[in-house]
Amino acid sequence: MRLRMLGVVGFLTLALVSMPAFQGTNSAPAPLRSTPVGAGAEMFRNYCASCHGPDGTGSGPTSTALRARATNLTTLAERNGGKFPAERVKATIRGDLLVLVHGSKDMPVWGPVFLYLGGGSRAEANVRIDNLTRYIESLQSSERCARGLR
(Lines give C-alpha, C1' and ligand atoms only; values in the text may rest on other atoms or scores of the structure.)
Protein backbone atom coordinates (compact mmCIF):
# COMPACT_ATOMS: atom_id res chain seq x y z
CA MET A 1 0.00 0.00 0.00
CA ARG A 2 2.73 2.47 0.96
CA LEU A 3 4.74 1.54 -2.15
CA ARG A 4 1.71 2.17 -4.35
CA MET A 5 1.14 5.51 -2.60
CA LEU A 6 4.74 6.51 -3.26
CA GLY A 7 4.29 5.51 -6.90
CA VAL A 8 1.18 7.67 -7.17
CA VAL A 9 2.94 10.65 -5.59
CA GLY A 10 5.90 10.13 -7.89
CA PHE A 11 3.65 10.00 -10.93
CA LEU A 12 1.73 13.12 -9.88
CA THR A 13 4.97 14.96 -9.13
CA LEU A 14 6.29 14.04 -12.57
CA ALA A 15 3.02 15.19 -14.14
CA LEU A 16 3.12 18.51 -12.28
CA VAL A 17 6.78 19.05 -13.13
CA SER A 18 6.08 18.49 -16.82
CA MET A 19 3.11 20.89 -16.94
CA PRO A 20 5.16 23.89 -18.13
CA ALA A 21 5.98 21.87 -21.26
CA PHE A 22 2.25 21.72 -22.06
CA GLN A 23 1.94 25.43 -21.38
CA GLY A 24 4.73 26.36 -23.77
CA THR A 25 6.49 28.39 -21.09
CA ASN A 26 10.07 28.52 -19.98
CA SER A 27 9.21 28.80 -16.30
CA ALA A 28 10.88 26.45 -13.86
CA PRO A 29 8.65 23.56 -12.78
CA ALA A 30 7.26 23.76 -9.29
CA PRO A 31 7.56 20.68 -7.06
CA LEU A 32 4.50 19.27 -5.32
CA ARG A 33 4.16 21.33 -2.15
CA SER A 34 2.46 20.40 1.03
CA THR A 35 -0.07 22.96 2.19
CA PRO A 36 -1.49 23.51 5.67
CA VAL A 37 -4.35 21.11 6.41
CA GLY A 38 -6.83 23.93 7.01
CA ALA A 39 -5.94 26.03 3.97
CA GLY A 40 -8.66 25.22 1.42
CA ALA A 41 -7.86 28.19 -0.80
CA GLU A 42 -4.13 27.43 -0.81
CA MET A 43 -4.77 23.75 -1.57
CA PHE A 44 -7.01 24.80 -4.46
CA ARG A 45 -4.32 27.11 -5.87
CA ASN A 46 -1.61 24.45 -5.55
CA TYR A 47 -3.50 21.33 -6.59
CA CYS A 48 -6.55 22.35 -8.63
CA ALA A 49 -6.07 25.73 -10.32
CA SER A 50 -3.73 24.45 -13.02
CA CYS A 51 -6.73 22.67 -14.59
CA HIS A 52 -9.78 24.40 -13.10
CA GLY A 53 -8.30 27.92 -13.16
CA PRO A 54 -7.74 30.23 -10.20
CA ASP A 55 -11.42 31.20 -10.29
CA GLY A 56 -12.67 27.61 -10.68
CA THR A 57 -14.23 28.17 -14.12
CA GLY A 58 -12.24 25.43 -15.87
CA SER A 59 -9.83 27.81 -17.56
CA GLY A 60 -6.54 26.66 -16.04
CA PRO A 61 -3.34 26.74 -18.10
CA THR A 62 -3.13 22.94 -18.37
CA SER A 63 -6.82 22.40 -19.16
CA THR A 64 -5.98 22.22 -22.87
CA ALA A 65 -3.95 19.05 -22.24
CA LEU A 66 -7.03 17.25 -20.86
CA ARG A 67 -9.24 15.00 -23.01
CA ALA A 68 -12.22 17.23 -22.15
CA ARG A 69 -12.46 20.73 -20.76
CA ALA A 70 -11.99 20.90 -16.98
CA THR A 71 -15.24 21.25 -15.05
CA ASN A 72 -16.49 24.71 -14.21
CA LEU A 73 -16.61 24.32 -10.44
CA THR A 74 -18.51 27.59 -9.93
CA THR A 75 -21.72 26.08 -11.29
CA LEU A 76 -21.82 22.80 -9.36
CA ALA A 77 -24.74 23.88 -7.17
CA GLU A 78 -26.66 25.30 -10.11
CA ARG A 79 -26.25 22.04 -12.05
CA ASN A 80 -27.35 20.07 -9.00
CA GLY A 81 -30.77 21.66 -8.49
CA GLY A 82 -29.39 24.54 -6.42
CA LYS A 83 -27.70 22.36 -3.78
CA PHE A 84 -23.94 22.06 -3.61
CA PRO A 85 -23.06 18.34 -4.05
CA ALA A 86 -20.50 18.17 -1.23
CA GLU A 87 -20.36 14.38 -0.97
CA ARG A 88 -19.88 13.99 -4.72
CA VAL A 89 -17.11 16.60 -4.69
CA LYS A 90 -15.38 14.78 -1.81
CA ALA A 91 -15.67 11.45 -3.62
CA THR A 92 -14.21 13.01 -6.76
CA ILE A 93 -11.27 14.50 -4.84
CA ARG A 94 -10.62 11.17 -3.10
CA GLY A 95 -10.69 9.39 -6.46
CA ASP A 96 -13.77 7.30 -5.64
CA LEU A 97 -15.67 8.57 -8.70
CA LEU A 98 -14.59 8.12 -12.30
CA VAL A 99 -13.94 11.52 -13.86
CA LEU A 100 -13.10 10.97 -17.52
CA VAL A 101 -10.75 13.95 -17.86
CA HIS A 102 -8.66 12.58 -14.97
CA GLY A 103 -8.08 9.27 -16.75
CA SER A 104 -9.21 5.80 -15.82
CA LYS A 105 -10.57 4.85 -12.40
CA ASP A 106 -7.20 3.16 -11.80
CA MET A 107 -5.54 6.58 -11.85
CA PRO A 108 -6.01 8.02 -8.34
CA VAL A 109 -6.62 11.73 -8.02
CA TRP A 110 -5.81 13.61 -4.77
CA GLY A 111 -6.93 11.24 -2.02
CA PRO A 112 -3.73 9.15 -2.05
CA VAL A 113 -1.59 12.29 -2.28
CA PHE A 114 -3.33 13.85 0.73
CA LEU A 115 -2.92 10.57 2.60
CA TYR A 116 0.80 10.62 1.79
CA LEU A 117 1.18 14.30 2.76
CA GLY A 118 -0.46 13.49 6.09
CA GLY A 119 1.99 10.69 6.81
CA GLY A 120 -0.67 8.07 6.19
CA SER A 121 -3.25 9.68 8.46
CA ARG A 122 -6.74 9.13 7.00
CA ALA A 123 -8.09 11.70 9.47
CA GLU A 124 -5.71 14.37 8.14
CA ALA A 125 -6.48 13.42 4.52
CA ASN A 126 -10.21 13.75 5.28
CA VAL A 127 -9.69 17.17 6.88
CA ARG A 128 -7.84 18.29 3.72
CA ILE A 129 -10.66 16.98 1.53
CA ASP A 130 -13.32 18.62 3.73
CA ASN A 131 -11.54 22.00 3.67
CA LEU A 132 -10.93 21.84 -0.08
CA THR A 133 -14.60 20.94 -0.61
CA ARG A 134 -15.71 23.91 1.52
CA TYR A 135 -13.48 26.19 -0.55
CA ILE A 136 -14.97 24.85 -3.79
CA GLU A 137 -18.42 25.45 -2.30
CA SER A 138 -17.38 29.07 -1.65
CA LEU A 139 -16.67 29.45 -5.39
CA GLN A 140 -20.34 29.02 -6.26
CA SER A 141 -21.55 32.14 -8.04
CA SER A 142 -22.80 34.76 -5.58
CA GLU A 143 -25.55 35.66 -8.08
CA ARG A 144 -26.82 32.08 -7.99
CA CYS A 145 -26.57 32.05 -4.19
CA ALA A 146 -28.50 35.32 -3.98
CA ARG A 147 -31.32 33.64 -5.93
CA GLY A 148 -31.44 30.93 -3.27
CA LEU A 149 -29.87 28.23 -5.42
CA ARG A 150 -27.34 27.16 -2.87
Q) Before we move on, is residue 49 hydrophobic (A, V, I, L, M, F, W, C), at pLDDT below 85 and either in a loop (DSSP other than H, G, I, E, B) or on the phi < 0 side of the Ramachandran plot (or both)? A) no
(Q) Could you list, ordered by first residue, the pairs with Cβ atoms under 8 Å in which the first is in the range 46-60 and crowded, with 19+ Cβ neighbours inside 10 Å and the second is in a loop (DSSP other than H, G, I, E, B) and among the β-branched types (Val, Ile, Thr), at least 6 apart or interchain? (A) 47/35; 50/62; 51/62; 52/71; 58/71
Q. What's the number of the condition residue 116 fails, among (1) farther than 18 Å from residue 41 by Cα; (2) modelled with pLDDT of 90 or more?
A. (2)
Q. When residue 82 is evaluated against the numbered criteria (1) part of a helix (DSSP H, G or I); (2) on the phi > 0 side of the Ramachandran plot, which criterion, by number, is the only one it fails?
A. (1)
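The values are calculated or read from the model by the stated rules, or taken from the named source; none is laboratory data. Since the model is a prediction, treat every value here as computed from it, not as a measurement. For neighbour counting, all protein chains shown are included, and Cβ atoms are generated from backbone atoms with ideal geometry for every residue, glycine included.
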